[in-house]
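Here the structure comes first, spelled out in structure tokens, and everything after it is commentary.
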Amino acid sequence: MMSSVVKLNDVSYSYDGTAALTDVSIDIRRGEFVAIVGDNGSGKSTMTRLILGLLKPKHGTVELFGKPISQFKDKSRISYVSQKAASFNSGFPVTVEEVVAMGRYGRLGLFKRLKTEDRSAIRRALETVNMWDFRHRKIGDLSGGQQQRVFIARAMVNQPDLLILDEPTVGVDQKHLKDFYDVLHLLREQTSCTFILVTHDLNVVTNLVTKVIHLDRGSLACDCGLKEYSEIDQLAPSIRPYPVKVLIHEETT
Ligand SMILES: Nc1ncnc2c1ncn2[C@@H]1O[C@H](COP(=O)(O)OP(=O)(O)OP(=O)(O)O)[C@@H](O)[C@H]1O
Ligand SMILES: [Mg+2]
């Protein structure tokens, strides 16, 4: 059994008394590709914020890479692309290459002092998302889908062990959606990263997903493989699963 990357033990969270997550326990293991699904307001982003340590549970505990989150210091092992990442205004005066460099150092001022190994890490990340040719372009002049790819490159530049993507395709049109998921396939082939993807598009990632976590009004309605999930209509008629059309891969769990 692969080692644990993210563990939630009976986690509950509420915003000013409004419950957002109730008694949720999950265990995500190394190398998994987990899809988190559920209706708007079901607690998906709250779950990602708890995993990132941006929120503290009201009850229960969070463990990262086998350690209580309070003892986990190596934050560079985890990268995050948020639901609203792609919102640069046109003409924002930073180049694609500089945005990715920020993932390397967290600060733009260091850009001119990048070492050879930094530059090759930046190049590798941009090539993986097919954006190397755009490196001198201003980020604000790119389309939403292209910007999202650059943010993925920034998230990947330190070669994280866990990548969390919260609805990364909001605002991306159908044509570029495919490009975007192709990038996820490439990352999957080229890295041993564990993925957590919040999505409403289960169908476009069916051959990547190893586990589906379905939240229903803050509760865990399902935590299972894709095949079981597609059969849940029969198993638990009260949960309406997101439609899954194709099943390509074999269960790995
Ligand atoms: N900052 C906040 N303050 C108060 N309530 C919040 C806050 N953020 C989220 N909530 C509430 O917590 C619940 C869960 O929200 P959350 O953002 O986790 O849902 P979600 O599944 O990510 O939804 P979406 O699909 O719309 O992104 C919702 O009822 C929401 O209104
Ligand atoms: Mg959300």
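Results, tabulated for the structure shown:
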read-out	value
Pair list, Cβ < 9 Å and 6+ apart or interchain, from the stretch 125-147 residues that are closer than 17 Å to residue 168 by Cα and touching a residue at least 12 places away in the same chain (Cβ under 8 Å) to residues that are part of a loop (DSSP other than H, G, I, E, B) and of a type in the set (Asp, Glu)	143/173; 144/173; 145/173
Considering residues of the stretch 129-146 that are within 29 Å of residue 50 (Cα to Cα) and in contact with a helix residue (DSSP H, G or I) (Cβ under 6 Å, 6 or more places away or on another chain) only, the residue farthest from ligand 1 (Cβ to nearest atom)	129
Condition broken by residue 4, with the remaining ones in (1) within 19 Å of the chain's Cα centre (by Cα); (2) within 16 Å of ligand 2 (Cβ to nearest atom) satisfied	(2)
Residue check, residue 105 farther than 23 Å from residue 1 by Cα, of a type in the set (Phe, Trp, Tyr), modelled with pLDDT under 95 and within 16 Å of ligand 1 (Cβ to nearest atom)	no
Members of the stretch 11-41 found to be closer than 17 Å to residue 210 by Cα, part of a strand (DSSP E or B) and away from ligand 2 (no atom under 14 Å from the Cβ), listed by number	26, 27, 28, 29, 33, 34
Residue in the stretch 126-147 that is at pLDDT below 85 and under 15 Å from residue 79 (Cα atoms) present	no
Any hit, the stretch 56-72, residues being within 16 Å of ligand 2 (Cβ to nearest atom) and modelled with pLDDT under 95	no
Selection within the stretch 1-48 - crowded, with 19+ Cβ neighbours inside 10 Å and over 23 Å from residue 229 (Cβ atoms)	13
Single condition residue 42 does not satisfy, out of (1) away from ligand 1 (no atom under 12 Å from the Cβ); (2) in contact (Cβ under 8 Å) with a residue 40 or more places away in the chain	(1)
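The values are calculated or read from the model by the stated rules, or taken from the named source; none is laboratory data. Note that the structure is a prediction, hence the values are computed from the model and not measured. In this analysis, Cβ positions are derived from the backbone assuming ideal geometry, glycine residues included, and neighbour counts consider all displayed protein chains.
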